[in-house]
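Student: Just passing along the structure, written as structure tokens.
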Amino acid sequence: MIRYFVLILLTSQLLACASINKATKAQNHLLAARDVENISAVQQWHMLGRLSVRNANKSWLTLLEWKHGALVDNLTLSTSLGGVVAKLGYSKHGMVMVDEKGVLQRVSEEQLKAMLGYTPPLEHLAYWVRGLPSPKKKVEMDKGQSMGVMRFKQEAWTIQLERFSEQGGLLLPGKITLLKDTLKIKLVIDEWLT
């Protein structure tokens with residue numbers, strides 16, 4: 001008789017845990033839907049993080065400071081000791097780059113590709129880094145997502161977002177992974193300044 005009572009008690013506890021998990025998933029989806037509008041409305045933000053890039057031939061790691069404005073994005077890449085490797089400013093009108101020697105030059109997408117070995121998805125990054133698909137292109141959402149991880153595909157890139165936390169009242173990712181062919185770009189955000 002005691003065995004049956006213990007079995008019923010354990011079963012009820014497992015069912016209670018399962019129902020809590022479903023409620024949490026539903027709340028997360030509602031929170032994400034609510035936050036999309038709020039996140040999209042933010043016109044300026046500032047972020048500090050670490051960026052790693054790996055492809056079939058080479059890999060590198062750098063610190064990243066990203067200042068996003070309504071018209072211009074400014075990215076500063078630096079070493080772990082604080083030495084600036086490069087600064088990149090881009091908008092819909094083009095790109096400028098300042099190298100480690102302080103030389104300012106206009107760069108085209110082709111020149112940037114030659115320097116990096118790949119074409120970075122600059123027009124989409126400001127959306128992806130905030131946990132949003134780019135509204136400019138078709139998106140394919142991953143249906144089999146696990147708790148706390150969001151995945152989607154856009155423009156032949158697979159975007160994986162994780163470590164979501166509330167920053168300034170917004171739910172933002174703390175880790176972004178971009179995959180395309182043999183290329184893997186990973187950004188770990190250390191601090192959001194919205």
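All of the numbers you see were taken from the coordinates with simple rules; none came from a lab. Remember, predicted model here, so these are calculated numbers, not experimental data. Neighbour counts run over all protein chains shown; Cβ positions are idealised from the backbone, glycine included.
Student: Please work out whether the range 72-194 counts as rounded, prolate or oblate from its C-alpha gyration tensor, where a ≥ b ≥ c are the square roots of the eigenvalues and a/c under 1.5 means rounded, while otherwise a/b larger than b/c means prolate and anything else oblate?
Tutor: Prolate, since a/c reaches 1.5 and a/b exceeds b/c.
Student: Sequence neighbours fewer than 8 away in the same chain don't count; with that in mind, list the aspartates and glutamates whose C-alpha is under 18 Å from K58.
Tutor: Reachable aspartates and glutamates: D181.
Student: Mind checking which lysines have their C-alpha under 21 Å from K175, skipping anything on the same chain fewer than 8 residues away?
Tutor: K25, K67, K143, K153, K184, K186
Student: Related question: Sorted from largest down, give the three principal axis spans of the alpha carbons of the range 67-143, whole angstrom values.
Tutor: 46, 28, 27
Student: Pull out the extension gain between N55 and Y118, defined as 0.36 nm times the separation in residues minus the alpha carbon to alpha carbon distance; nm, one decimal.
Tutor: Full extension of this stretch gives 21.8 nm more.
Student: Give me the net charge of V149's neighbourhood, meaning all other residues with Cβ under 11 Å from the Cβ of V149; Lys, Arg count +1, Asp, Glu -1.
Tutor: Combined, the nearby Lys, Arg, Asp and Glu give +1.
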